[in-house]
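Inspection log for the structure reproduced underneath, given as structure tokens.
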Amino acid sequence: MNNRLNSDEIIKLLDQLIGPVEAVGDSRIDEDIKDNLCTMIYVVDWMIDCIDESSLTANRPEWSMKEIGNIALAAMKTWKERLEGIVDEWNEV
């Protein structure tokens, strides 16, 4: 039996563990929110590093390794396009 959490459960848990990351305009509250944001950024950096490591198998001859590597590469390409779009929108402001 698989005792691991599913994606939705992990997101809910991270939301509870990290807390809100959107500023509210109250400097006392926003100080905690800034800490939460820094924590979230650190976690995302760790996740990106893990996915990047998985992508290294994209050129392997073993089908399962190639598949996992290609899934990781596809995710990173999607994120790149998404982030470029967000940055482009900010550049227009």
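A compact table of results
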| item | result |
| --- | --- |
| Relative contact order of segment 7-92, pairs being alpha-carbon contacts under 8 Å that are 6 or more residues apart, as % | 16 |
| Calculated [θ] (222 nm, deg cm²/dmol) that DSSP helices of n ≥ 4 give over the chain, each run adding -39,500 (n - 2.57) | -27000 deg cm²/dmol |
| Under 15 Å from the Cα of K66 - aspartates and glutamates, other chains or at least 8 residues apart | D52, E53 |
| Rg followed by Dmax, in Å, when the chain is reduced to its Cα trace | 17.4, 55 |
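All of the numbers you see were taken from the coordinates with simple rules; none came from a lab. Predicted model, so just to flag it, every value in this text is computed and none were measured.
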